[in-house]
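> Structure provided below as structure tokens; questions to follow.
The values are calculated or read from the model by the stated rules, or taken from the named source; none is laboratory data. All of these numbers come straight from a predicted model, not from anything done at the bench. Note that each Cβ is placed from the backbone with ideal geometry, even for glycine, and that neighbours are counted across all protein chains shown. Ligands, DNA and RNA are stripped out before the accessible areas are found, and what is left, the full protein with its side chains, is counted by its heavy atoms. Shrake-Rupley method; radii C 1.70, N 1.55, O 1.52, S 1.80 Å.
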Amino acid sequence: MSEKPSRLILGPFNRVEGDLEVRLDIAGDHVEGARVTSPLYRGFEAMLVGRPAADALTYAPRICGICSVSQSVAAARALAGVRPAGLERRLPPANGQHAINLVHAVENIADHITHFYLFFMPDFARATYAGEPWHEAAAGRFTALKGSAATQILPARAGLMNMMGVLAGKWPHTLSIQPGGSTRAITRAEQARLRLMLAGFRSFCENTLFAAPLEAVAAISSREALYDWAQGRGGDFAHFLKIAQRLDLARSGVTRLRHIAFGAYAGGDGPLFPRGMFDAGIGAAGPLPIGAITEDVSHAWYAGEGGAPRHAAPTPDMSNPDAYSWCKAPRLGGNVAEVGALSRQLVAGHPLLRDYVARDGASVEARVVARVIEVALVVMAMEHWIAAIDPAAPFQDTRPRLDTGDAMGLTEAARGSLGHWLRLDGGRISHYQIIAPTTWNFSPRDAQGVPGPLEQALVGAPIRAGETEPVSVQHIVRSFDPCMVCTVH
Amino acid sequence: MTYPAGTPTRPLRLIWLQSGGCGGCTLSLLGQQEPDLVTALRAAHVEVLWHPSLSEATGAEARAILDAAADGTQPVDILCLEGSVIHGPNGTGGFHLMAGTGRPMRDMIGAIAAHATHIIAVGSCAAFGGITAGGGNAVEAGGLAYNGTRAGGLLGAGFRARGGLPVINIAGCPIHPGWFVDTILQLAGGTLSAADLDEWERPLAYTSQLVHHGCARNEYYEFKASAEELGDLGCMMENLGCKGTQARADCNTRAWNGSGSCLTGGYPCINCTAPGFEEPGHSFSATPKISGIPIGLPTDMPKAWFVALASLSKAATPRRLKENAARPTPAILPRDRRKEGA
Ligand code: SF4
Ligand code: SF4
């Protein structure tokens, strides 16, 4: 192709959850600028206003079918947070916490492997790579719906999800997660059965995904050590690493932003993965100023003021000529921030991911590695939570709660930080705002004209000769594991 | 179009679209077990031309497939829609523009539907509007053949797909994977007729029974031994809004995720397979009552009889059920009286 278009519109952008359009400005053989559009608006925030408080637990999970439990956890925490000023938050009993952690972990882990096998890896089977020496093996293994991985991953995923049948009754859209704990008490026999189900999934991980014990994978502490580990090893993770090295994905889709995490999997001694902020520009971690979170709607289809989610509630309006998305632009103290598994592990101080980012910044490879490493870390934690359940003790605290007041509920979905901010008046919802992980990552420009994380990551993406759907762009977009239905909600 | 039972002569070409929904029906479908989804699709001779979450084709390649289906040059045997059709704001369809085209998604749905042999509304959103139509329905969400309980929808009342059937409404929020797989296997075998659908065109394969059937709490129901809080063991009809006696689905006889259901999970059935479930007119997990008697009693039972029987059975409730109903774990277990001291 001699005269390349200076504009490229990509959409429908598939193998992401929900609807996405990406507009690229092209200069020669690379991307010069990007605008990311979320083209679907449903209006959950407005829908919730006026409803009885508990209805949030029926509506919120239905924001998203891929991370419905994360939405439940955020809503339940927000409802539980409505309390008189100065009074301690009433934590659910330990059993309830373990049960919620397990339900949440099953969903997050299922998300990670769904993303890896069904959404991300099929791009390596694309015809544009036909000339690469590794292509034939990748295509045989990962071609969408037809590769040999599909009929292995689906039963393993479904087997893991069977834990939901015991712990939560039904997934997605369970109602088992409540402000005071979990509605489902677990018996000794069920505790044993959960252990068996998880053992089945561990064995899938150790045979098929890693070809190694989880403990060995979790302990890898530098990029060099990871590459050495992958040398000559079978398993799909090593397969990915070998392709990623050939394509230099550790230097693709790079950002050097603030990474934030709201804290994941609550426990008596604090969350498994802590709350905090990590500045990839300077390589330092610190506390997260939640109060500095705002949303900007200068380039989104809304009327009214943005601002702190506790107060602001912009309404849909397609008349803003600068707008190009239904996604708002969340900012932390006015700055762009990235969220996700990589951000969680950077905040938590995982040496492997800190090493990745110290060398080349946050990249396609680092984001995927963080996600896959997290599978190992979380499965090991789940074994402890199952063991810690005491079937004789309560699973929830059902004492009545306050019906007037403000609160927020913060958690981590697979793809990053999720927050709900609400106000109750006399038992009814009078204000509800949601900031989802992909709202951070796929945010449009803000009033200062600063692009969001994906828009920044796409700048410089190479375009191979003749490509109309640049494969580098496919990798970069999917490396964020976006969920577009959450983004706008 | 019919095929000799069980042996379609060529693969059934399926296109799956998503609009105003949450993707939960696709994610639920991925949980198909024994065998897995890919094997189930093969067994039904279904070839997926395009699915937004599962296909290789993206962007222009995907648009080419959909455009060919929309102008009839690419035959489509089964069109699935997940999520509601979005008509707002003000009837423009602007709340969901199809990515890469700048045109309302409902136009693409309607264009492919005009040529498809069979059409499946996957989930309550695509069937009736669903949750997306909740809270006053500011986005003007509707279904393919219904808007709530009103016939019409995007395709109009009385619509028939090329193959002669109305839109098949696999309602549910989300669907159970088995409901979908049953349906496509029957389509592939040529055995699904209008007689296999109920009054909302839902497959009788899963709506010929009530959620109440097979509920582990039926013994409590019989004696009106009621749960007081979510998570208690008793029947949830009296206090916690359970609609299992009206809801049509096989949730308690066909397990979710291996062994579960809403009821085994410790929370009520909210009748998610029915049009309008999103606006019950009361809190989902509370039972509205008039002078202590729940409104919304079992639909096929005269109220006076229900009240009379309930007071009778309440008087006869065994101690075991009375004690256990309002607790999350049983205090009294069944015992064999032949054992001394029992
Ligand atoms: S809880 Fe609901 S489904 Fe179960 S017995 Fe009671 S009314 Fe029937
Ligand atoms: S039990 Fe009721 S609410 Fe739950 S999935 Fe079945 S029909 Fe829907």
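> Once amide H atoms are built 1.01 Å from N in the peptide plane, which residues 5 or more positions from A:His259, or in another chain, come under 5 Å H to H?
Correct list: A:Phe278, A:Asp279, A:Ala280, A:Glu338.
> Using alpha carbons only, how many angstrom separate the centre of the stretch B:75-125 from the centre of the stretch B:137-165?
11
> Separate question: Amide H to amide H, which residues 5 or more places from B:Gly93 or on other chains are under 5 Å from it, using H placed in the peptide plane?
The answer is B:Gly88.
> Another question, then. Taking the Cα centre of the protein assembly as shown as origin, work out the dipole magnitude from +1 charges on Lys and Arg Cβ and -1 charges on Asp and Glu Cβ, in debye rounded to 20.
Taking the Cα centre of the protein assembly as shown as origin, the dipole is about 1700 debye.
> Then there is this: Return the sequence-ordered ³J(HN,Hα) values of the stretch A:226-235 in whole Hz as given by the Karplus equation 6.51 cos²θ - 1.76 cosθ + 1.60 applied to θ = phi - 60°, using x for Gly and Pro.
5, 5, 4, 4, 6, 3, x, 8, x, x
> For the stretch B:243-308, build the charge dipole from Cβ charges (+1 Lys, Arg; -1 Asp, Glu) around the Cα centre, then report which of B:Thr273, B:Ala255, B:Trp305 sits farthest towards its positive end.
Of the listed residues, the answer is B:Trp305.
> What is the local net charge at B:Leu97, summed over the other residues whose Cβ is closer than 12 Å to its Cβ (Lys, Arg +1; Asp, Glu -1)?
-1
> Shifting gears a bit: Averaged across the residues of B:267-280, what count of C-beta atoms belonging to other chains lies within 10 Å of each residue's C-beta?
For peptide B:267-280, the averaged partner shielding equals 2.
> Helix B:177-189 against the longest principal axis of chain B: what's the angle in degrees, Cα atoms only, rounded to the nearest 10?
The angle comes out near 50 degrees.
> Now for a different question. Pairs of Cα atoms under 8 Å, at least six residues apart: use those to get the relative contact order of the stretch A:132-185, whole percent.
15
> Here's a follow-up. Whats the longest run of chain B with zero GluC sites (Glu not before Pro) that are DSSP loop and have at most 12 other Cβ atoms within 10 Å?
Result, exposed sites excluded: B:1-198.
> With r as the distance between the Cβ atoms of A:Asn207 and A:Thr187 and R0 = 35 Å, compute the FRET efficiency 1/(1 + (r/R0)^6) and round to 0.05.
After rounding, the FRET efficiency stands at 0.70.
> Counting Lys and Arg as +1 and Asp and Glu as -1, each charge on the Cβ, what is the dipole of chain A about the Cα centre in debye, to the nearest 20?
It works out to roughly 880 debye.
> Using the structure shown, select from B:Lys314/B:Lys339; A:Lys146/A:Lys170; B:Lys224/B:Lys339; B:Lys243/B:Lys289; B:Lys289/B:Lys314 the pairs with a Cα to Cα distance greater than 21 angstrom.
Violating the 21 Å limit, Cα to Cα: B:Lys314/B:Lys339; A:Lys146/A:Lys170; B:Lys224/B:Lys339.
> Could you give the alpha-carbon Rg of the stretch B:2-123 over 2.2 N^0.38 Å, rounded to two decimals?
That works out to 1.09 for the stretch B:2-123.
> Calculated from DSSP H runs of 4 or more alone, at -39500 (n - 2.57) each and per residue, what is the 222 nm mean residue ellipticity of chain B, nearest 500? Present the calculation step by step, with values, prior to reporting the outcome.
Working: 10 runs with 81 residues, N = 342.
Value at 222 nm, helices only, nearest 500: -6500 deg cm²/dmol.
> Okay, moving on. What list of ³J(HN,Hα) values in whole Hz, one per residue of the stretch A:269-276 in order, does the Karplus curve 6.51 cos²θ - 1.76 cosθ + 1.60 (θ = phi - 60°) give from phi, with Gly and Pro shown as x?
9, x, x, 4, 10, x, 7, x
> For B:Lys289, list long-range residues whose amide hydrogen, built 1.01 Å from N in the peptide plane, is under 5 Å from its own amide hydrogen.
Close amide H contacts, sequence-distant or interchain: B:Ile295.
> When Lys and Arg each count +1 and Asp and Glu each count -1, what net charge do the other residues less than 12 Å away from B:Gly130, Cβ to Cβ, add up to?
Result for the local shell: -1.
> Identify, among A:Ser38, A:Leu57, A:Ala447, the residue whose Cα sits farthest towards the positive end of the charge dipole of chain A, taking +1 on the Cβ of Lys and Arg and -1 on the Cβ of Asp and Glu, with the dipole about the Cα centre.
So the residue we want is A:Leu57.
> Could I ask something else about it? At 222 nm, what value in deg cm²/dmol follows for chain A if DSSP H runs of at least 4 each add -39500 (n - 2.57) and the sum is divided by all its residues, to the nearest 500?
Numbers: 17 runs with 178 residues, N = 489.
Rounded to the nearest 500, it is -11000 deg cm²/dmol.
> Separate question: Per-residue HN-Hα couplings for the stretch B:225-230, Karplus 6.51 cos²θ - 1.76 cosθ + 1.60 at θ = phi - 60°, whole Hz, x for Gly and Pro?
8, 10, 5, 9, 10, 4
> Using a 10 angstrom Cβ neighbour count of at most 11 plus a DSSP loop assignment to flag exposed trypsin sites (Lys or Arg not before Pro), which longest range of chain B is free of such sites?
Longest gap between qualifying sites, sites excluded: B:1-334.
> With every protein chain present, what accessible area does B:Thr149 have (1.4 Å probe, heavy atoms only), rounded to the nearest 10 Å²?
About 90 Å², rounded to the nearest 10.
> For chain B, what log10 I(q)/I(0) values come out of the Debye formula at q = 0.08, 0.09, 0.10 1/Å, with one point per alpha carbon and no solvent?
At q = 0.08, 0.09, 0.10 Å⁻¹ the computed log10 ratios are -0.44, -0.54, -0.65.
> Counting only other residues whose beta carbon sits under 12 Å from that of B:Asp77, what net charge do I get with K and R as +1, D and E as -1? It would help to have the intermediate numbers written out before the result.
Working: positive: B:Arg10, B:Arg13, B:Arg162; negative: B:Glu47.
In short, +2.
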